[in-house]
Amino acid sequence: MKHYVNKNTMTWTLFAAVVFALIEGLILADILDSYYQVTLITICINIILALSLNLIIGYSGQFSLGHAGFMAIGAYCAALTLAKLPNLMGLLLGILIGIVISGIIALIIAIPTLRLRGDYLAIATLGFSEVIRIAILNMDVTGGAAGLSNIPKITTFPVIYIFILITLIVIVNFARSSHGRACASVREDEIASESMGVNTTKYKTLAFVIGAALASVGGALYAAYFYVINPGTFGFQKSIDILVIVVFGGMGSLTGSIVAAIILGFITLALQSFAELRMILYAVAIIVIMIYRPSGLFGNKELNITKLFKKKERKEAK
Amino acid sequence: MTLFLQQLVNGLSLGSIFALVALGYTMVYGIIKLINFAHGDIYMVGAYIGYMAITSLKVGLFPAIIIAMITCAVLGVVIEKIAYKPLRNASRITSLITAIGVSLLLEYVMMYFMGAGVRTFPDVMDKTKIEFAGLSITSAQLLILGTTLLLMLLLQFIVKKTKIGKAMRAVSVDADAARLMGINVDRTISYTFAIGSALAGAAGVLVGVYYNTISPLMGVTPGLKAFIAAVFGGIGVIPGAMFGGLFIGVAETMVGVYWSSLIKDAVVYIILILILLIKPSGILGKNVKEKV
Amino acid sequence: MALLSIKNLTKNFGGLCANSNISMEIDDGELVGLIGPNGAGKTTLFNMLTGVYEPSEGTIDFVRDGKEVRLNGKKPYVVTALGLARTFQNIRLFQNLSVIDNVKIAMNKDVKCGVVASILRFPMFFKEEERIEKEALELLDILHLADKKDELACNLPYGEQRRLEIARALATRPKLLFLDEPAAGMNPQETAELTQLIRRIKDEFHISVLLIEHDMSLVMNLCERIYVLDYGKCIASGTPAEIQTNKRVIEAYLGEEV
């Protein structure tokens, strides 16, 4: 039992519950009206996408520029399932189908591309996500360029919050296991890692597949909120948006990704009518961060709530 | 057969554009191992400079090409000095993300000042068609093929015969050794960016003449395809980029005609995946293994 | 049957022949030295034995559980799983990971708890983590690194980094350990300690050791047999005393007599 119920897990559970109660309270009290709720849900979806990309980039050191492709798979799977079964069960089923399909496709992609290093891998994943997009564009079932519309709105804040927690638990538990350590060793030094008995190809593939599956969850939740999806939504630009969040927050820092997704969500809201200016700011920020603080906001460190509380306690004791 | 030859001409015209852009990718990668993601956008800037030179300065086509080449060369050097030079010793991923940032910056600054919409490139040459043995070649195609050939010969001359070309080859083999031999590495890198960017600038103007339209995001897809062309030919290898560009142009055109125009855009990625599977170092590239 | 037998091993890099026609044998529990001037091809041989390079010609056979296994063309992680481990001449630790994680990673190959069971935190996960933690600490203890277990590998002083490399290699539970210049950059006192350590490891873990080293006092002191490489060829082999008086070895190191 001590492994499951201890101070650390209790603090996190409490923290998660408080955050949930706070936001849900604001929604119920209509302080967060439907206009702000769109931003809220967008931030939540971006958190899931950024966390999943961070698993690939930050933990395993594999550079993927094709995250939008997996998001698209999840979105289309959910939309098509919801057309037959327009309720929460339909969404869950759609998410499950999306996870399986994107996982399989990620596996197919991983075999040729993960032999490549760094920048080559980036281009290859980018190419693959374009192939996925073009394939969706050319299929009948996906509605071609027009996409799918009238998707029932199933995603609500509680639903998406639960999925953020699931994503976090999956990634944290994976990272803090022998499999996660193996992935980190691949990031640190691939040759040494292989010489220490780590099957590097297997672990690169594993991180890539888990990341892709989680990205498809983000896509599914997206489809079940915004009524309409089309191939244009999931282009290269989307992959870059997610990458920017990960880079801002710090590659390897999950809390960093969450904080960055929230901050960038607000910036996007504030600069809504100046889309070009926002992109110019993003671009300058990327360049400046890479030159002066390539580790991002948090580096590879995590914001530790247990410690935060402890500090307070100590201060109060004084 | 005539259809085939006709499409071959069309493919080579398109491929020439890819080849000119691919050269910049391959030269920069060869010398500092950076995928200069912003290279496709320099090609876009070239197109806009050409557009402005023709509409505002009222110059002819060839002066416009020269102006675009010079401006892009300067832009390329400035970008290298500001964004890439501080990252010379950083990881490749860091440099690549920076390059993506530069790419976004060029796109959206252009959009901010020139608008997001598509602009029509002015008609600078009469669209005459030359009929030859059943083939029809437009004057724009001739212009593209001719200019590309000229620029490639010029590039070969610079790389093989001049001092700076020798320095470029030396730095790409071993920058540290080159520095010890008294080569100014920073200046050599600047020249490489200048030459690569000038070629992209020329390609931008040519594509404006060929397709008549330009837009701030016009560089993204051709940039990517040109990069794939460079990988296909063997990145870091100059003749490889020329060959890769022409090959991709022809392949794309042929598939568009003989198979399906919808698949056309996917062809280049399939080529990428195949080459990475079969020979990741590219058709003309050499295999390099990491030293342990 | 020798633990490791190499026959006519050759490695060409393009036109350059880094190793040519090398044959050697290592028996169970033996401590064998591999010496030779810089560029003689020692590390290339290591890289072939551990699967980093594929031999151009020749065979490498390793005895595992009484059966002979051909190592040619096997990937490094397979070779390691069979019971050969190595350290690196130019230290290649996982710099940004903690000392204990460096060791734990080398135990990865024996992990039974699958990915799903790890993510869902089945009880077996905790049981296994406890076992790994305990074994890793034992190893660190033997190499006097236990009190540094939570430091990042990159923050360790040089000598300790070398020791961590050995700890990490031992964590893979090898039958045969390859040490690539373990004493490089150490002072005489550290070298003396290392000599003791290598002996202790060999006896305590019941393993064979193949050692590349430039420090002659270490090699002559420690090794039961020595192979000498020069220009990619094996020019001599024998006991330390034989090697010290071998004319060809002296020529290789000091040049020919005029």
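The values are calculated or read from the model by the stated rules, or taken from the named source; none is laboratory data. Quantities reported herein were computed from a predicted structural model and do not represent experimental measurements. Note that we place each Cβ from the backbone using ideal geometry, even for glycine, and neighbour counts take in every protein chain shown. For accessibility, only protein heavy atoms count, side chains too; no ligands or nucleic acids. Shrake-Rupley method; radii C 1.70, N 1.55, O 1.52, S 1.80 Å.
Assorted remarks:
- Residues of segment A:166-193 whose accessible area (probe 1.4 Å, heavy atoms of protein chains only) drops by at least 50 Å² once all protein chains are present, relative to their chain alone: A:173, A:178, A:179, A:181, A:188, A:189, A:191.
- Summed over the residues of segment B:110-200 and divided among them, the accessible surface reaches 57 Å² per residue at a probe radius of 1.4 Å.
- Heavy atoms of the protein chains alone define the surface here; on that basis chain C has 44 Å² accessible area per residue at 1.4 Å probe size.
- Couplings 3J(HN,Hα) for segment A:138-155, derived from phi with the Karplus relation 6.51 cos²θ - 1.76 cosθ + 1.60 (θ = phi - 60°), are 9, 8, 6, 4, 8, x, x, 5, 6, x, 10, 9, 6, 6, x, 8, 9, 5 Hz, where x marks Gly and Pro.
- Here, chain B has an Rg and a Dmax of 18.7, 60 Å when only alpha carbons are counted.
- The modelled label-to-label distance between residue B:177 and residue B:4, using points 7 Å beyond Cα along the C-beta direction, is 4.6 nm.
- The C-alpha atoms of chain B define a longest principal axis, and helix B:2-32 lies at about 20 degrees to it.
- Between 0 and 90°, nearest 10: helix B:139-161 axis offset from chain B longest Cα axis: 20 degrees
- Projecting the Cα atoms of B:193, B:137, B:177 onto the charge dipole of segment B:59-202, computed from C-beta unit charges around the Cα centre, puts B:177 farthest toward the positive end.
- Centre separation in Å (Cα based) which lies between segment B:136-169 and segment B:1-41: 13 Å
- Cα long-axis angle, helix B:163-173 against chain B (0 to 90 degrees, to the nearest 10): 70 degrees
- Pairing chains B and A buries close to 3500 square angstrom of accessible surface in total, based on protein heavy atoms and a 1.4 angstrom probe.
- Burial of accessible area (probe 1.4 Å, heavy atoms of protein chains only) in segment A:283-302, relative to its chain alone, reaches at least 40 Å² for A:283, A:286, A:287, A:290, A:291.
- Applying 0.36 nm per residue to the separation of residue C:251 and residue C:112 and subtracting their alpha-carbon distance, the gain on full extension is 44.7 nm.
- Tail beyond 16 Å, pair distance distribution of segment B:181-230 (Cα, percent): 55 percent
- Neighbours of residue B:51 by Cβ distance under 14 Å: Lys/Arg scored +1, Asp/Glu scored -1, total +1.
- Pairwise inverse Cα distances across segment B:42-101, averaged and inverted, put the Kirkwood hydrodynamic radius at 12.8 Å.
- For segment B:219-292, accessible area per residue (1.4 Å probe, heavy atoms of protein chains only), Å²: 44 Å²
- Protein accessible surface hidden between A and C, which excludes ligands and nucleic acids, total in Å², probe 1.4 Å: 2800 Å²
- Positive-end residue of C:2, C:33, C:83, charge dipole of segment C:1-141 with Cβ unit charges: C:83
- Carbon/sulfur fraction of accessible area - chain A, other protein chains in place, 1.4 Å, %: 70 percent
- Here the alpha carbons of segment B:92-144 define both size measures, Rg and Dmax, at 19.3, 53 Å.
- GluC sites (Glu not before Pro) restricted to segment C:127-170 and DSSP loop, no more than 16 other C-beta within 10 Å: C:151
- Computed over Cα pairs, the Kirkwood radius of the protein assembly as shown leads via Stokes-Einstein (1.567 mPa s, 4 °C) to a diffusion coefficient of 43 µm² per second.
- Unit charges at the beta carbon, dipole of segment A:11-240: most positive-side option, A:37, A:185, A:216: A:185
- Rounded FRET efficiency, nearest 0.05, which uses the C-beta distance separating residue A:292 from residue C:189 and R0 of 45 Å: 0.55
- Taking all Cα pairs closer than 8 Å and separated by 6 or more residues, the relative contact order of chain A comes to 30 percent.
- For residue B:213, residues with placed amide H under 5 Å, excluding near neighbours: B:121
- Chymotrypsin sites (Phe, Trp or Tyr not before Pro) lying in DSSP loop within segment A:134-226, provided at most 10 other Cβ fall within 10 Å: none
- For segment B:208-292, the fraction of alpha-carbon pairs in successive 5 Å shells from zero, as %: 3, 15, 20, 22, 19, 12, 6, 3, 1, 1, 0
- With every protein chain in place, chain C: carbon and sulfur % of accessible area (1.4 Å): 50 percent
- Using θ = phi - 60° and Karplus 6.51 cos²θ - 1.76 cosθ + 1.60, couplings along segment B:100-106 (whole Hz; Gly, Pro as x): 5, x, 4, 4, 4, 4, 4
- Segment B:93-143 - percent of accessible surface contributed by carbon and sulfur, probe 1.4 Å: 63 percent
- Cross-link partners of residue A:84 among lysines (Cα-Cα below 24 Å; sequence separation of 8 or more within a chain): A:153
- Residues along segment B:33-61 losing 10 Å² or more of accessible surface when the other protein chains are present rather than the chain by itself (probe 1.4 Å): B:35, B:37
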